[in-house]
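These notes concern the structure reproduced below.
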Amino acid sequence: MIELVHSTPIAKVYGEPFLEVPQDLYIPPDALEVFLEQFEGPLDLLLYLIRKENISVLDVPMAQLTRQYLEYVEMMREHQLELAAEYLLMAALLIEIKSRMLLPRPPASQADEEDPRAELVRRLLEYEQMRLAAQRLDALPRAARDFALVQVIIERESVERFPDVDAEDLRSAWLTLLARARATGHHKVTRDHLSVREHMSVILRRLQEHRFVEFGDLFDVSEGVPKLVVTFLALLELAHETLVDLSQQAPFSPIYVRLVESEPAVE
Amino acid sequence: MKSSALEPVQAKTILETALLTSQEPLPLAELKKLFDDDLGSEVLRKLLDELRQEWETRGIELTQVASGWRFRARPEYQKYLDRLNPQRPPRYSRAVLETLAIIAYKQPVTRGDIEDIRGVTVSSNILKTLEARGWIDVVGHREVPGRPGLYATTRAFLDDLNLRSLEELPPLDELGSLVEQGDPAQPSDETEVPERADEADLPESSAMPLHEADEEQPVIH
């Protein structure tokens, strides 16, 4: 209680009161690794060091900067981070600049010789400019991330469209068939038991194999009129029960028969 | 003066329907095809402008981007839409973003140019990531040994950022103004010293671990 009046410790570590905020926060080794991996290269690291010390880019104390830079590079080596050649190249460059600055220059050439740091500064600034630009670019609203695009879904895949067949087409097709049957048919008396249902199945079965059958192909004119009639009736019945679909591309073009999809197969 | 005296209201509805059902932004030239009459660009633009105003009160808006006109949801509604699809899209790493920025602002540039500015090797993955996104492509080759490809940003890049042209990119900082940023009297949100380490790539809003945030292999590590 009495101590508290005197000065308030900010924390106690192993029982020892700490009166001051530590200069550098302790970074656990794993975090350090993550921290070091953050740098996007030597320029990024240098910029960080410069900002950390609050020094102007234009007047970088080369000795101090180089020393700090090398400390970090050493840390990276210790932590076995893969050290890219760029980091070593930069270390060499920093040392070179420092040594050039130490060399006395003849007074005559002093005027036109630029500061050995100039090129480094130009690169640092150019990188900084792009680093900031990248952040701003990332902050721009982006399609799919920050806003959605609008598209009303319409049926776009060109499912073949089939015009409806009107009764007249069907009738004329039928009459053509009849006429053909009359012309080629032999007069035969048959006692066939022709079941419409059975023919419906026959047609369906055929349609199972070939999804599209031309209207005319379903009929075998050589089998005579009764068979044709039954087949036709079967077809009408199938259409009626919406088991098959009749379609025609254009007037007088072939009529196609196909299974209506999504219907279960015939038993 | 042909027969079809198209009412402006109807013309607008036609435009609206076409724009809503289109997958891509539609340029004026494309929109003209909707009409029999040769609608002048002026008329068309006026109609589009009116259409945009009509949508002003809705969550959807009509915008003009590099490739033309399109509808988009207003960004302020994204947070609600995100609830339907809670998976956040992956973030691009700094390496990708910096490369993109250099290409966007300095185009056309070669890979070497990018490396000069960033001071590190640009991995092929970075360029591939951006190419796969459709944001950059090779627009030519510099006639020097090796004929390196010259990269530039695409229209899709502008479209995705809802921009009409590169002119609309955020302006670059003057190099001179960057010099002063080391001065603590002038704190800059992004370069402020104490936060620098955390700032590097951690999204503030998401608790995503660092490594997942990287979409491609970082170069240096």
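Counting only residues that are among the hydroxyl-bearing types (S, T, Y), give me the helices (runs of 4 or more DSSP H) lying completely in region B:1-104 with at least 3 of them.
On the way: elements: B:8-21, B:28-32, B:41-54, B:78-84.
Here the list reads B:8-21.
Is it the case, given these coordinates, that A:A181 is surrounded by 18 or more Cβ atoms within 10 Å (Cβ to Cβ) and either at pLDDT 85 or above or facing chain B (nearest Cβ under 7 Å) (or both)? Let's see the steps before the verdict.
On the way: surrounded by 18 or more Cβ atoms within 10 Å (Cβ to Cβ): yes; either at pLDDT 85 or above or facing chain B (nearest Cβ under 7 Å) (or both): no.
In short, no.
Identify the single condition in (1) without any contact (Cβ under 8 Å) to a residue 12 or more places away in the chain; (2) surrounded by fewer than 22 Cβ atoms within 10 Å (Cβ to Cβ); (3) in contact with a Lys or Arg (Cβ under 9 Å, 6 or more places away or on another chain) that B:A101 does not satisfy, given that it satisfies every other one.
Result: B:A101 passes all but (2).
If you take the residues in region B:41-87 that are among the β-branched types (V, I, T) and within 21 Å of B:F157 (Cβ to Cβ), which one is surrounded by the most Cβ atoms within 10 Å (Cβ to Cβ)? Break it down into steps so the answer makes sense when it comes.
As a first pass, look at region B:41-87 and keep what is among the β-branched types (V, I, T): B:43, B:57, B:60, B:63, B:65.
Those left that are additionally within 21 Å of B:F157 (Cβ to Cβ): B:63, B:65.
Numbers: B:T63: 18, B:V65: 21.
Checking each candidate, the answer is B:V65.
Confirm whether A:A92 is away from every other protein chain (no Cβ under 12 Å) and modelled with pLDDT of 90 or more. Give the steps one after another, and end with the answer.
Values: away from every other protein chain (no Cβ under 12 Å): yes; modelled with pLDDT of 90 or more: yes.
Yes: the conditions hold for A:A92.
With touching an Asp or Glu at 6+ places or on another chain (Cβ under 9 Å), at pLDDT below 80 and within 27 Å of B:L178 (Cα to Cα) as the only criterion, which of A:Q38, A:Q129 stands out? Before you say what the answer is, go through the steps one by one.
Details: A:Q129 fails: at pLDDT below 80.
Only one candidate passes the filter, namely A:Q38.
Restricting to region B:129-153, give me the number of residues that are surrounded by fewer than 19 Cβ atoms within 10 Å (Cβ to Cβ) and free of Cβ contacts under 8 Å to residues at least 40 places away in the same chain.
17
Which residue pairs have Cβ atoms closer than 7 Å, lie 6 or more positions apart in sequence or on different chains, and pair a first residue in region A:239-265 that is under 15 Å from A:H210 (Cα atoms) and modelled with pLDDT under 80 with a second residue that is loosely packed, with under 15 Cβ neighbours inside 10 Å and not hydrophobic (A, V, I, L, M, F, W, C)?
Here the result reads A:V260/A:T242; A:A265/A:Q208, each pair linking region A:239-265 to a residue that is loosely packed, with under 15 Cβ neighbours inside 10 Å and not hydrophobic (A, V, I, L, M, F, W, C).
Report every pair of residues separated by at least 6 positions or lying on different chains whose Cβ atoms are under 6 Å apart, first residue within region A:83-109 and surrounded by 17 or more Cβ atoms within 10 Å (Cβ to Cβ) and among the hydroxyl-bearing types (S, T, Y), second at pLDDT 85 or above and assigned to a helix (DSSP H, G or I).
A:Y87/A:P42; A:Y87/A:V73
Scan region B:120-148 for residues that are assigned to a helix (DSSP H, G or I) and closer than 22 Å to B:L169 by Cα and report the count.
Here the count works out to 6.
Quick one: count up the residues across region B:105-119 that are under 21 Å from B:P171 (Cβ atoms) and either more than 7 Å from chain A (Cβ to nearest Cβ) or not in a helix (DSSP H, G or I) (or both).
Quick first cut of region B:105-119, residues under 21 Å from B:P171 (Cβ atoms) only: B:105-109, B:113-114, B:117-118.
So of that shortlist, the ones also either more than 7 Å from chain A (Cβ to nearest Cβ) or not in a helix (DSSP H, G or I) (or both) come out as B:106-109, B:113-114.
Result for region B:105-119: 6.
The values are calculated or read from the model by the stated rules, or taken from the named source; none is laboratory data. Here the structure is a predicted model, which means the values were calculated and not measured. Don't worry about glycine lacking a Cβ; one is built from the backbone with ideal geometry, like all the others, and counts go over all protein chains shown.
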